[in-house]
Amino acid sequence: MARKGASKGADAAPARLASRTLVLDNGAHTIKAGFSPLTTDSEPHADAECHVVANCIARSQRDKRTYIGPELLEECWDFGELAFRRPVEKGFVVNWEGEQAIWERTLLDKRSPLQCDPHEMNLILTEAPNGPSVLQRNMDEMVFEEFEFASYYRTISPVLNAYVPPPFPSTPALPSGTAAECLLVVDVGHSHTTTTPLHHGRPLHAACRRLEIGGKTLTNRLKEVLSRTVEVQKEDWIVQEIKEDVCFISQSFSSDLERVWKGGLKDPRDVDTSIVVDYVLPDYEAIKRGFSRPHDTKVSRKDRALGLHGGPREHIVTIANERFTVPELLFTPSDIGMQQEGVAGTILQSIYSLPQGLWQPFLANILVVGGSSKFPGFLERLRSEMESRVSEEYLVRVAQAEDPLKNVWAGGARLARSKDALSPLVVTRQEYLEHGDVWTRRKFAGKV
């Protein structure tokens, strides 16, 4: 155990870095991880170098097997009735025994493409904004005492987005290790949505805001409404795939509701088949993954399940207004009784808490990241709401990262390519053992 308390005589010289760096974005739903050489002339390629690992331990009720981390996507072929145990709740790691098992399978197992020797590796690790100090201490202890990484930099995930060339037009490219001057990161993640203003890569903590709606909330809501017609309460994985495949953000919510309303007994209407779809559920024998197709009013769901329509037996669920009413919660949380503003309102809360002279730089540099921001229509709706709620004297620019899921990793990989930028940020294992966990937390907070 490291000695408690900080040392006043801490050495401020740049840390000596290992030759390779592991960038690990420890998300609540998935871990995005990959290696980055210390110096290279090439840009990081997230598609090839970043590996996505399920951050969970799953127990199958069908084959009675337990899948740890990457095993879920590599070895599981039947995702029905999976029971999930996730180490991350509300954005923070609360079960380090489970997280340690996932890391060990990901980083130490010879079958893993991410196998490495932590003693010869730098680590860039992300956490959620405004984490409790006791959880930060647990994370530091895990890195240095259980895995014994050579050196380590812990930061909140929005910060690394500042090191990726911004997607805004006419914005000059950034050299590796250089952060954008002003950037407001909107991270629509699994557990929640956060807005974080960054100035030269440093978060303005007093202006950070959090909306308690993310991908998990939307999946649970969709599971609840679909269970009125088909039992999917135990099918978290399947419902998540349905959400990813067919849900979208409506640009005119009231109008779309009218298009899918069947009318009453005295004034029946034909629904708009361009919105209503049939989703074919997987059986993991003939159909390995579900898919959607236009709604067929001629054949009933029961006839398809029994194979009476002249085709193969299929279990389908018809999805109409659920396609857009569920993700609408990101913009109107009051639909489920939450006393919070939506994404646009949360962004404005964050900006208006800053001095007025900073409003324009951040309104003109709003970057959207996170897997739950990939709904079709999300960016257009957010841009429209922001422009309607902000005075015309301000320029509003909203852009989405090229890969919203892996953008944090890409920023960490670019930071790792600059020795001059990374060296002042990391803490070596020797420094941790010498100065203790309190000094380490102060270092990562920029107070040392």
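The values are calculated or read from the model by the stated rules, or taken from the named source; none is laboratory data. Being a predicted model, the structure only gives us computed values, none of them experimental. No Cβ is skipped: glycine too gets one built from the backbone with ideal geometry, and neighbour counts run over all protein chains shown. Remember, those area values only see protein heavy atoms, side chains included, never the ligands or the DNA or RNA. Shrake-Rupley method; radii C 1.70, N 1.55, O 1.52, S 1.80 Å.
Results, tabulated for the structure shown:
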| read-out | value |
| --- | --- |
| Residue list for the stretch 254-294, filter: hydrophobic (A, V, I, L, M, F, W, C), open to solvent by less than 60 Å² (accessible area, probe 1.4 Å) and more than 30 Å from Arg59 (Cβ to Cβ) | Val260, Val271, Ile275, Val276, Val277 |
| Odd one out for Thr178 among (1) over 19 Å from Ala410 (Cα atoms); (2) assigned by the TED database to the domain that holds Ser350; (3) of a type in the set (S, T, N, Q) | (1) |
| Per-region count, the stretch 327-353, residues open to solvent by 20 Å² or more (accessible area, probe 1.4 Å), in contact (Cβ under 8 Å) with a residue 24 or more places away in the chain and not β-branched (Val, Ile, Thr) | 5 |
| Given (1) in contact (Cβ under 8 Å) with a residue 60 or more places away in the chain; (2) within 16 Å of the chain's Cα centre (by Cα); (3) outside any loop (DSSP other than H, G, I, E, B), index of the condition Ile213 fails | (3) |
| Test for Gly436: is it over 19 Å from Tyr163 (Cα atoms), open to solvent by less than 20 Å² (accessible area, probe 1.4 Å) and among the small types (Gly, Ala, Ser) | yes |
| Tabulated pairs, the stretch 387-401, first touching a residue at least 40 places away in the same chain (Cβ under 8 Å), second open to solvent by 100 Å² or more (accessible area, probe 1.4 Å), C-beta under 9 angstrom, 6+ apart or interchain | Gln400/Lys374 |
| Tally of residues being in a helix (DSSP H, G or I), more than 30 Å from Pro376 (Cα to Cα) and not acidic (Asp, Glu) across the stretch 394-448 | 18 |
| Answer from Leu422, Leu382, Leu395 - the residue that is in the same structural domain as Thr178 (by the TED database) and crowded, with 23+ Cβ neighbours inside 10 Å | Leu382 |
| Ile249 vs. criteria open to solvent by less than 40 Å² (accessible area, probe 1.4 Å), under 29 Å from Ala364 (Cα atoms), touching a His at 6+ places or on another chain (Cβ under 8 Å) and part of a loop (DSSP other than H, G, I, E, B) | no |
